[in-house]
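Accompanying notes for the structure given below.
None of the figures in this text is laboratory data; all of them are computed from the coordinates on show. None of the values given here were measured: they were computed from a predicted structure. Positions of Cβ are generated from backbone atoms using ideal geometry, with glycine treated the same way; all protein chains shown enter the neighbour counts.
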Amino acid sequence: MTAVRPADPERLWSTLQTMAAMSEPGPGVTRLAYTTLERAAHARFAEWMADAGCEIAVDPAGNTVATRPGRATGPAAGTGSHLDSVYNGGRFDGIAGTMAAVEVARLLHEAGVETELPLRFVAFAGEEGARFGQACCGSKLAAGLSSRAELDVRRDRDGVSLADAMAAVGLDPDLAARTAWAAEDWSGFVELHVEQGSVLERAKLDIGVVDLISGSTRIELTVTGQASHTGGTPMRGRADALAGAAEAVLLAEQVALDPRHRGTRATVGRLSVLPGSITTIPGRVTFSLDVRDVDADRQRQSAAEIVTRMRAACLRRGTRLEARLLADTSAVVLPDWVRNEVTAAAAERGVPYRVLTSGASHDAQMVNRLVPTAMIFVPSRQGLSHVPEEWTEPAQLAAGTDLLLAALLRLDARAAAVAGVLENVGGAS
Ligand code: GLV
Ligand code: MN
Ligand code: MN
């Protein structure tokens, strides 16, 4: 065995660029959840991991799991993130963590390191809520938190259900819904991700360690008015669905800005206007609302208040508002002992860091229901994410990868020590 080298920023970069090239045409990266492009990215990940000495498995939810055997069998320390993107997203969201996993596997392989117990590297399927409304579909299934019925209910904007999308790429939704990972196969998990905010950049730090992951309430709202001729219909007495929706959008912003809701982020990100004609008053508008908070009560209170006030505003305009819950996830507190392993690894290496919350959703929040999980953040330039401008410097990715590797080795040593203690206790009884 030779000493493990530091992460290679150029190799990490070129691996990341290979992934970025796997995209629908258009600005940025579009590689949506449960599409053939996403599956192709998983196949690539699997090839790289096999080359680095891992055994590959794809679970029924489509998550690709690469296992690197240890000296003994037993619970594995794991890492990973996702390979799907939003519409016209960036190169780093999810990819940073999966490419860091590839780099960790390569570094350990090159150095001939034998860990005490196995390590697992995961590419999760369908993390982005952009297509089906629900975030973290693959990790939610892995954690046993989805039902078969849910896979029929979640639909993309073309009406394709999650179940049908899974089947179209060769996955069996029935099997996926009843096949969770076994908690006893895992000792701990660390996901590396780009921050998608600007705390680290402002603090001039390369590393963040996450304590809380925001929850999210997603609602589809439909305003129904009366479509009619734009010239023939007087201004008074109209039931313009878009005018109602416009007021509703501003109300979402107003409620989230109210000091009583401080910390809530409310966004209308998608809006469709029917019939969508220059010369017809809009009769029907459908739009999305995404309300996020690290405080689950405040998240739901904010969402309820926004919808109540939207409904009243629409009624005043002679329009009607209907609301349909798309997804509702609570904030997650990550356990401090795994975070302490990450911060101890940072302290050992003299790496400064900041503990911070995550405004975005992550596979870590689902995996944590099954196996204690931590998150490492690396900076996002100008805090931009879910856009083609998303950017993290190669050296920052490499710094995060080095810390990830150190944290995984600590988790492995800890799990082996715990297993040893249990064996001794077992032997004594
Ligand atoms: C995932 O990136 C999300 O938070 O929407
Ligand atoms: Mn992500
Ligand atoms: Mn994302």
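A few remarks follow.
- Helices of the chain meeting both criteria, an alpha-carbon length of 18 angstrom or more along the long axis and an average Kyte-Doolittle score not below -0.5, with helices taken as full DSSP H segments, are 36-51, 95-111, 241-257, 394-428.
- Each Lys or Arg adds one and each Asp or Glu takes one away; over the other residues whose Cβ falls under 10 Å from the Cβ of Met366, this sums to 0.
- Contact order relative to length of the chain, as percent, for alpha carbon pairs under 8 angstrom and 6 or more apart: 23
- Least to most buried among Arg155, Arg262 (fewest other Cβ within 10 Å first): Arg262, Arg155
- Mean Cβ count within 10 Å, highest first, over the residues of peptides 132-140, 73-81: 132-140, 73-81
- Reciprocal of mean inverse Cα separation for segment 140-286 (Kirkwood radius, Å): 20.2
- Fewest-first ranking of Ile95, Ile306, using other Cβ atoms within 10 Å as the exposure measure: Ile306, Ile95
- Ranked Glu150, Glu191, Glu114, criterion: other C-beta atoms within 10 Å, fewest first: Glu114, Glu150, Glu191
- Given +1 at the Cβ of Lys and Arg, -1 at the Cβ of Asp and Glu and no other charges, the dipole of segment 215-329 around its Cα centre is 260 debye to the nearest 20.
- Separation of alpha-carbon centers, segment 1-27 and segment 144-180, rounded to whole Å: 30
- Protection proxy ranking of 57-69, 225-237, by the mean of other Cβ atoms within 10 Å over each peptide's residues and highest first, is 57-69, 225-237.
- Within a Gaussian network of the chain (alpha carbon springs, distance under 10 Å), most fluctuating of Leu409, Leu325, Leu397: Leu325
- Think of it as helices only: each DSSP H run of n ≥ 4 in the chain is worth -39500 (n - 2.57), and spread over all residues that comes to -12000 deg cm²/dmol at 222 nm.
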